[in-house]
1. What number do you get for segment 477-529 when its Cα radius of gyration is normalised by 2.2 N^0.38 Å, N = residues?
2. Report D for segment 474-576 in µm² per second (integer): Stokes-Einstein, Kirkwood Rh on Cα pairs, 25 °C, 0.890 mPa s.
3. Among 537-543, 218-224, how do they line up by average Cβ neighbours within 10 Å per residue, starting with the highest?
4. Kindly provide log₁₀ I(q)/I(0) values, in the same order as q = 0.20, 0.24, 0.29 Å⁻¹, from the Debye equation applied to equal alpha-carbon scatterers of segment 380-423.
5. Rounding to the nearest 20 debye, state how big the charge dipole of segment 216-368 is about its Cα centre with +1 on each Lys and Arg Cβ and -1 on each Asp and Glu Cβ.
6. Tell me, how many Å apart are the Cα centres for segment 453-495 and for segment 414-433?
7. Computed over the Cα atoms, what is the radius of gyration of segment 73-223 divided by 2.2 N^0.38 Å, N being its residue count?
8. Under Stokes-Einstein, with the Kirkwood radius over Cα pairs standing in for Rh, what whole-number D in µm²/s applies to segment 378-462 at 20 °C and 1.002 mPa s?
Amino acid sequence: MKRKGKLMRRFVLSFALVVLVSMLGACASVQDSARPRPVPGNEPLRRISVVPDASGRELLAQLLAAEIALDRADERGADHYVEAARLSDDPAIAEQATRVALATRQWELARGTLARWEALRGGEGGIRQARAMIALHDGKQDVAYPDLLWLAQRPDGSGWLAISQVFSGAEDKPAAGAMLQRLLAGGGESSKHAHAELLGDKPQSWILASQLAARLERKDLAQTLASEAVVRFHTAEAYAWAAQIRLTSGDRVGAKQVFAEAMQHDPTTSARGAGKEGQTLLRIAYAKLLAELGDNLGAARALAQGRQNELTYGARAAYLARIDDKSGVPAISALYSEVIALPTPRPSSRVQLLGQLAELLERKGEALKWYALVPSGDEHWFAAQLRTAVLLNDGGKASDAIGLLHELQARSGDNAREVGEAYMLEAELLNRQKRGDEAIAAYDRGLQVLPDDTRLIYARALLNDDLDHIDAAVRDLRRVLELKPEDADAMNALGYTLADRTGEKSEALVLIQKALVLKPGEPAIMDSLGWVQYRLGDIDAALTQLRVAYQKQPDAEIAAHLGEVLWVSGRKDEARKVWDQGRKKDGANKVLIETIRRLAS
């Protein structure tokens, strides 16, 4: 109810205020013209007296009451608008009364206000839209059809937005879908050719109709309209929507083909093109799909085509940074040169990006120089300082790095996000230096400043687990869940720790299953579920979960778990193969090394 109230508030507020201001203005101008004009400066605080007549006062009262009621999410606001429509000969008030009644699904009120709106000869398009909505609610498709057809035949294509609003509010989706199919068929059973005349030469009409068909679960119709929109118009929006339909149906390969075709069309040379902005959004969507398919280099290359801006430069760098091997280095180097060659002066976001690219190329001295150019007080300054601390630490200047982080902790003041990040990085750098107890102490100091910061508590829990402080790790993870009961990552971490390091396997199973409900298909949680099933002795279920997890995310730790379950089930050759794959990903992984040593050495 609150959500609907907020929507209703946005819907009517501007209208009510316009009506009130216009009425007050009219009354004020009449009263003011009847009075002698004062000499300028003699009455600087003179007030205009507004005295509307009785009917005007009642109308104002009803409009104010309607606004107050709707602001409180009270559906009785519609009653006040009905009364206001009765008192006024303004069709705009009757229209608003009808729209509010429809928004609150008070159908009897809507029928009455619609009749008043029609009597006052309001806008034909709006009346037909409201009449169709009421008819569909009443199950009178034949009554709704002529009004919907009239809207669909508007020459500027504007009627399709109104139609979309009619169908989107329909309570009977199958009936609404059948009506849409009938409308696009021109009243017949097949929409193969008739819809072309109705949808005309406006790409947005085709896309709207296709999106509406998808919402009404007419998948074949949605696909047909989307495909035809691509063939007819070749706009970025048409391609993006056609690809989205394929993705929704699980056809990632088909979506990739649609995007690949789209990238061959240059909207700047096409009369029907969607413009540079549309093409940029299309490339971003295509890159996201390629990355989801594991082709981060392809994603960066897709974004490298066409017009560039700060967003595409940053996204290209992010995709290239995800590539595990050296295959992305040439592309990173080319991007670095491209960004350096851009005209100066450079915005701070670009300077920050140059530092990050230099880091990816392992040009640490250059990276430090770029980060030093980010001005103090700039929104990118703090992030640049954090990266500077990392580079100092990696360069053998650990005390300088920790000193810089202490300065940041003191300087960040009441910025909880920055303070927390500075303490977390200090702990991470100390842990890298094999100074685990000092890292725990850094987390402790951070939590004295930010006692309920779940980032710090969670990170301390993971480090305590690594240091075999199991009770402390479990205590911290339980605290995170007290503060954030629906935190799937904390649930998973606690469940895994209980399964792997304690005897609380039943609780572990419950926690991990709940985490998987919150994040379905998450490889790390599926790995934990397989591991606890193994610990409970259910080898077959464990193998099923771990195989899927490893297929989704073939990292070293999941390889360690899958290999162990394969090994104990007698499939030792397959286990060795999985472990070898894990070693190629991360030969220093602690869990993988320990597993192989324990079982196969």
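No lab work stands behind these numbers, since they all come straight from the coordinates. Worth saying up front: this structure is predicted, and the values here are computed from it rather than measured. Cβ atoms come from the backbone with ideal geometry, glycine included; neighbour counts cover every protein chain shown.
1. 0.99
2. The Stokes-Einstein estimate is 181 µm²/s.
3. So the order, starting with the most tightly packed, is 218-224, 537-543.
4. After summing over all Cα pairs, the log10 values are -0.55, -0.76, -1.00.
5. 180 debye
6. 17 Å
7. Compactness ratio reported: 1.08.
8. 169 µm²/s
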